[in-house]
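The values are calculated or read from the model by the stated rules, or taken from the named source; none is laboratory data. Because the structure is a prediction, the values reported are computed rather than measured. Cβ coordinates were reconstructed from backbone atoms using ideal geometry, including for glycine residues, and neighbour counts include every protein chain displayed. All accessible areas refer to the heavy atoms of the entire protein, side chains included, with ligands and DNA or RNA removed. Shrake-Rupley method; radii C 1.70, N 1.55, O 1.52, S 1.80 Å.
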Amino acid sequence: NKFTPGVAGKYFLFAAGQCTGTFGSNSTLFIAIRKNGSSVSLVETRVPSGNHSMSVQVSTVGIANTTDYFEVVMYNSSGTPPIRSGDSFTYFGGYKLIGV
């Protein structure tokens with residue numbers, strides 16, 4: 001899903017995600033905040049192969065006008081661990097910065 005601020009300004013945005021399951025050999029877990037479809041902040045974490053949980057977090061400050069939107073994408077390069085749902089495991093949020 002996308003976040004469209006509706007009010008121009010600077011926004012602090014943050015996201016996290018967790019995968020639990022079997023990771024493949026030389027796997028990398030990626031999470032990115034994108035603005036209008038282009039990455040503005042990306043974090044990648046190497047994951048050892050095997051069955052376990054792994055979390056990644058990302059944050060950024062983005063400047064938006066009234067038509068811009070932000071979204072989060074997350075994926076794993078190898079293996080089949082699903083992204084865990086629930087706001088304590090996977091979330092996306094932000095707030096407008098005032099007076100910056």
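Structure summary
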{"read-out": "Distance (nanometres) between label positions extended 7 Å along Cα→Cβ at E44 and Y95", "value": "3.3 nm"}
{"read-out": "Virtual spin-label span in nm between Y75 and T20, 7 Å along Cα→Cβ", "value": "2.4 nm"}
{"read-out": "Hz values of 3J(HN,Hα) by residue in region 68-73 - Karplus curve (6.51, -1.76, 1.60), Gly and Pro given as x", "value": "6, 9, 10, 8, 10, 10"}
{"read-out": "The chain, accessible area per residue, ligands and nucleic acids excluded (1.4 Å, Å²)", "value": "56 Å²"}
{"read-out": "Residue-span extension gain [N36 to H52] - 0.36 nm each, minus C-alpha spacing", "value": "2.4 nm"}
{"read-out": "The chain - Rg over Rh from alpha carbon coordinates, Kirkwood radius", "value": "1.05"}
{"read-out": "Percent accessible area from carbon and sulfur atoms, region 27-100, protein chains only, probe 1.4 Å", "value": "50 percent"}
